[in-house]
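A short worksheet on the structure shown next.
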Amino acid sequence: MKQSVIGIVKSAKAQKTLRVEVERRVKHPLYGKYIRKRTVCYVHDENEQAKEDDRVEITECRPHSKTKRWQLVKVLARH
């Protein structure tokens with residue numbers, strides 16, 4: 001089953017490529033406080049439909065390049 005996550009587009013400067021930040025909350029093992037961590041994913045956007053600060057849904061796919069391992073599913077909210 002391919003993983004699907006929701007993130008925010010931080011850069012859409014390259015052709016057919018987006019830089020998406022996926023934020024997650026992790027509980028600190030000792031203190032119990034929740035910490036925000038983020039992962040950067042490079043996403044293939046074939047039709048170049050997403051812009052910066054858009055909220056998008058992405059899914060895992062075959063490697064498109066050295067760093068691109070994700071594909072755009074849909075734009076959830078425009079900014």
| remark: Expressed as a percent, the accessible surface of the chain that is carbon or sulfur, using a 1.4 Å probe and the full set of protein chains, is 47 percent
| Average accessible area per residue (Å²) across the chain - probe 1.4 Å, nucleic acids and ligands excluded | 76 Å²
| field | Amide hydrogen neighbours beyond the local backbone of residue 45, cut-off 5 Å, H modeled | value | 17, 18
| field | Sum of side-chain charges, residue 24 neighbourhood, beta-carbon under 9 Å (Lys, Arg +1; Asp, Glu -1) | value | +3
| request: Please report the Cα spread of the range 1-59 along all three principal axes, rounded to whole Å, starting with the longest. | output: 45, 27, 14
| field | Length gained when the stretch residue 23-residue 69 is fully extended (0.36 nm per residue, less Cα-Cα span) | value | 14.8 nm
| query | Are there trypsin sites (Lys or Arg not before Pro) in the chain that DSSP marks as loop and that have at most 11 other Cβ atoms within 10 Å, and which are they? | reply | 2, 13, 33, 66, 78
| request: Rank these by accessible area, largest first, 1.4 Å probe: 30, 18, 76. | output: 30, 76, 18
| field | Tally of Lys pairs whose C-alpha atoms are under 13 Å apart, taken over the chain, 8 or more apart or cross-chain | value | 6
| task | At most 15 other Cβ atoms within 10 Å and a DSSP loop assignment: could you name the chymotrypsin sites (Phe, Trp or Tyr not before Pro) in the range 22-79 that fit? | result | 31
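The values are calculated or read from the model by the stated rules, or taken from the named source; none is laboratory data. Keep in mind the model is a prediction, meaning the values are calculated, not measured. Neighbour counts are summed over all protein chains in view; Cβ atoms, including those assigned to glycine, are modelled from backbone coordinates with ideal geometry. The area values use the complete protein model at the heavy-atom level, side chains included, leaving out ligands, DNA and RNA. Shrake-Rupley method; radii C 1.70, N 1.55, O 1.52, S 1.80 Å.
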